[in-house]
Every structure is written in structure tokens, then in C-alpha cells.
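Here's the structure we're looking at; comments come further down.
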Amino acid sequence: ISILKACLFYIVIRLMHKMDLSKPFNTYVASKISQISYFTLSIGLLSFIARQLSKNLMHHGFVPDNLNLFWADSQAFILMGAVIYIIATIFKKGVEIQNENDLTV
């Protein structure tokens, strides 16, 4: 899960460095935002599954010391992934509209 979080922030940093603010709606930005949403959603789902598995193991006598600290934010990541996916869909539509405007002008 920590590796996925590191990859997520690496993608965000790459997006911020390569984003052109004069023309923000391009395919690169739309694909990176989609990729960010997939990573965020997968982090949330894996955290949720790990937390449920940890609870199940606690019933069998296993003591997971401080592991719950890493999985406490799974619901926030799932919600954030859904919101970022909606933003990615809006960006894809923005790319289509911008390409149509470039062709008509």
C-alpha cells in the first residue's frame, strides 16, 4: 500500500511539472488524472480489504500491533478515487470540446 501511495504522488508530481496552464485540456493531463483515480481507488480498496482481513485474524488470536494505522484512511481513499474519476471524465470531455473548437476555428 505504501508503494502505491509513493507511485500516486510520483504521478501527481510528474503531472504538475508537465501540465501546460495555457492549454490545460489535453490528452496527457486527462490520462494522468485517470491514472491518479485508478491508483487512489486501488489504494482504498486494498486498504479496506487489509483492514477486514486484520479484523478477521484478530478473532483467531493474531495481534496486529500498529498495522491499523496504515489502513485507517481506506474509506477516504475510495471516496477520493471516485471524485477524481469524475474529474477525469470531465477533463476527457474538455479535451473533446477543445479539439472540436480547434478544428472549427
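The numbers here are math on the coordinates, done by the rules we state, and not lab data. A quick note: this is a predicted structure, and the numbers were derived from the prediction, not measured. As a convention, Cβ positions derive from the backbone with ideal geometry for all residues, glycine included, and neighbour counts pool all protein chains shown.
Restricting region 24-34 to residues that are under 12 Å from residue 84 (Cα atoms) and buried (at least 18 other Cβ atoms within 10 Å of the Cβ) leaves a set whose member that is nearest to the chain's Cα centre (by Cα) is 33. Taking residues in region 39-58 that are free of Cβ contacts under 8 Å to residues at least 60 places away in the same chain, and partners anywhere that are surrounded by fewer than 17 Cβ atoms within 10 Å (Cβ to Cβ) and of a type in the set (Lys, Arg), the pairs with Cβ atoms closer than 7 Å and at least 6 places apart or on different chains are 43/5.
Among the residues examined, residue 97 qualifies as more than 25 Å from residue 5 (Cα to Cα), in contact with a Phe, Trp or Tyr (Cβ under 8 Å, 6 or more places away or on another chain) and of a type in the set (Val, Ile, Thr). When region 4-23 is filtered for residues that are in contact (Cβ under 8 Å) with a residue 24 or more places away in the chain and within 20 Å of residue 83 (Cα to Cα), the ones remaining, listed by number, are 4, 5, 7, 8, 11, 12.
Inspection of region 58-69 finds no residue satisfying the criterion of being of a type outside the set (Gly, Ala, Ser) and closer than 24 Å to residue 89 by Cβ. Restricting attention to region 35-59 and to residues that are of a type in the set (Phe, Trp, Tyr) and surrounded by fewer than 18 Cβ atoms within 10 Å (Cβ to Cβ), the residue that is nearest to the chain's Cα centre (by Cα) turns out to be 38.
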